[in-house]
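Before any comments, here is the structure.
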């Protein structure tokens, strides 16, 4: 049976702050309802992740970001074709575009939770600043999952 909510945390656990996506899923795994929520971790997004979105009601992508100006950011995604198809990794919006192209249907409602990151050296742990933001982002994600309705998530998303 497919769970209605998918959380996709991605990043390299060996590269400091880049680990926040997989670490967030690890941190909340014990606190979620596995009959409603599926957790998937990966090093990076790929076109195959579009297939993971089938039959979902809500999808949450979680990643580190140097562009995130606050501790964390939560935004709604729209399908967007970009130039990342020629690389090994693609953006969350491109995953939605692939889903739409393949299924000929709109993708499920999808959101991106980015966590401010600044340190990506091989073998390093989370930076002190990112560790603080990570804790807040975990609390935020758990609140989202307590109210897994599209309208509730949209109210919290920044435009």
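Things worth noting here:
- Count of the range 136-153 residues, restricted to those that are free of Cβ contacts under 8 Å to residues at least 40 places away in the same chain and part of a helix (DSSP H, G or I), is 5.
- Qualifying residue in the range 99-110 (condition: at pLDDT 95 or above, closer than 28 Å to residue 146 by Cβ, out of contact with any helix residue (DSSP H, G or I) (no Cβ under 8 Å at 6 or more places or on another chain) and not in a loop (DSSP other than H, G, I, E, B)): no
- Qualifying residue in the range 91-99 (condition: in contact (Cβ under 8 Å) with a residue 60 or more places away in the chain and over 22 Å from residue 158 (Cα atoms)): no
- If you filter the range 1-22 down to residues that are part of a helix (DSSP H, G or I) and in contact with a strand residue (DSSP E or B) (Cβ under 7 Å, 6 or more places away or on another chain), you find that the one that is farthest from residue 109 (Cα to Cα) is 17.
- Counted residues, the range 98-129 - those being in contact with a strand residue (DSSP E or B) (Cβ under 9 Å, 6 or more places away or on another chain) and farther than 28 Å from residue 82 by Cα: 1
- Among the candidates 20, 66, residue that is touching a helix residue (DSSP H, G or I) at 6+ places or on another chain (Cβ under 9 Å) and buried (at least 19 other Cβ atoms within 10 Å of the Cβ): 20
- Residue 30 meets the stated requirement of being modelled with pLDDT under 95, outside any loop (DSSP other than H, G, I, E, B) and surrounded by fewer than 22 Cβ atoms within 10 Å (Cβ to Cβ).
- Single residue of 25, 45, 39 found to be over 19 Å from residue 157 (Cβ atoms), part of a loop (DSSP other than H, G, I, E, B) and touching a strand residue (DSSP E or B) at 6+ places or on another chain (Cβ under 7 Å): 45
- Scanning the range 132-151 for residues that are under 21 Å from residue 13 (Cα atoms) and more than 17 Å from the chain's Cα centre (by Cα) returns a single hit, 132.
- Considering (1) surrounded by fewer than 17 Cβ atoms within 10 Å (Cβ to Cβ); (2) at pLDDT below 95, the lone condition that residue 90 does not fulfil carries the number (1).
- The number of residues in the range 27-61 being within 14 Å of the chain's Cα centre (by Cα), closer than 23 Å to residue 102 by Cα and touching a residue at least 60 places away in the same chain (Cβ under 8 Å) comes to 2.
The values are calculated or read from the model by the stated rules, or taken from the named source; none is laboratory data. This is a predicted model, so every value here is computed, not measured. Don't worry about glycine lacking a Cβ; one is built from the backbone with ideal geometry, like all the others, and counts go over all protein chains shown.
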